[in-house]
Structures are given as C-alpha cells and as structure tokens.
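Worksheet: one structure, shown below.
The values are calculated or read from the model by the stated rules, or taken from the named source; none is laboratory data. It should be emphasised that the depicted structure is a prediction, and the values quoted were computed from it without experimental measurement. A quick note on method: Cβ atoms are made from the backbone with ideal geometry, for glycine too, and the neighbour counts reach across all protein chains shown. Side chains included, ligands, DNA and RNA excluded: accessible areas come from the protein's heavy atoms. Shrake-Rupley method; radii C 1.70, N 1.55, O 1.52, S 1.80 Å.
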Amino acid sequence: LSERTLIAVKPDGVQRRLVGQIIQRFEKRGFKLVGLKMLKAPEELLSQHYHDLSKKPFYPSLLRYMGSGPLVVMVWEGYNVVSTSRKMVGDTNPAEAPPGSIRGDFSIHISRNVVHASDSLDGAQREIQLWFNCKELTDWDCHD
Ligand code: CMP
C-alpha cells in the first residue's frame, strides 16, 4: 500500500545548494515526487506546522530559522515512504545521524539540520494538507 510524506529542504539546505542532491536521493530510492513548491513560509504557517513544539525553549529560534529563507517543500509517495524517509534523513540531531543519511552527510548541529520529514502517517497527512492543496498534488494515475 502506498503512502505519502512531506519532506522539506530547510533554509540552510537551500542556501547550501543541497536541493538537487536531496531530491536525487528520493528519486534513486524509488519514490515518486507528487508535489513540490518553493516558498518563504509565513510565520502563521510555521506555527501551525510546529504547533506541538510551541512550549519548547528552542521554539522562537526554530521559527526564526525556518522563516529566514526559502524552503523547498515536497510530497513524496511510495511503499513505506514515511518510515523509510525518516531513515534516509537520519536522527533529528545530526551528531546521532549515521553517515549515509542526509543529516549524517550534510550537517553537524540540531539547529541547522537541513531537512524535515514527517514522523508518522498521521503527521504526514496533517502536514501535507497544511502545505499543499489537492490541486497542487499530481495524481500519477490520472490520465485525463
Ligand atoms: P525537525 O524534526 O524537522 O522539526 C523540529 C525541529 O526542531 C527539528 O527538526 C530541529 O531543527 C529543531 N530542534 C529540535 N530540538 C532542538 C534543540 N534542542 N535545539 C534546537 N533546535 C531543535
């Protein structure tokens, strides 16, 4: 059964020209790109995206960081994509992320960890609805 997940290249990843390499990893693994947009996220959207973290001490700096430049936000589809993409991205803290993972290869500090990946099927559904409307998502099975 096919799943969808939300992957975002954060401002540090965009600024460091890592977008192409990150997309390539998901394509090579075998997932399908069904949505993609580049935007500087408004604070309101970021606060909805990170509503679970609003009480954390790092929340204000997290919102500043995520709003500091454009993001590349994507929806990827395929078998088991939520958990497989979490493994491809690596642990939240890059110091714990294994070499070979995106964070393990491209980052050193938790506050600049290059990418976001939805952490569960429910989280993915919530985040996809937040960042995309359905017309922005390609239905690969649609032939009209
Ligand atoms: P992500 O898992 O994509 O979404 C939540 C983000 O909060 C996480 O990536 C980090 O970028 C950030 N974050 C989590 N913990 C910390 C922390 N202790 N200090 C700074 N940023 C953090």
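Values computed for the structure shown
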read-out: Residue in region 85-114 that is farthest from R29 (Cα to Cα), counting only those that are within 14 Å of the chain's Cα centre (by Cα) and open to solvent by 20 Å² or more (accessible area, probe 1.4 Å); value: R112
read-out: Filter pass, F31 being within 16 Å of M88 (Cβ to Cβ) and of a type in the set (F, W, Y); value: yes
read-out: Subset of region 49-70 (residues that are surrounded by fewer than 15 Cβ atoms within 10 Å (Cβ to Cβ), within 14 Å of the ligand (Cβ to nearest atom), part of a loop (DSSP other than H, G, I, E, B) and of a type outside the set (F, W, Y)); value: S54, K55, K56, P57, S68
read-out: Test set (1) within 13 Å of the ligand (Cβ to nearest atom); (2) in a helix (DSSP H, G or I); (3) within 13 Å of the chain's Cα centre (by Cα) - V73 fails condition number; value: (2)
read-out: Cβ pairs under 6 Å, 6+ apart, first in region 27-48 and open to solvent by 100 Å² or more (accessible area, probe 1.4 Å), second in a helix (DSSP H, G or I); value: none
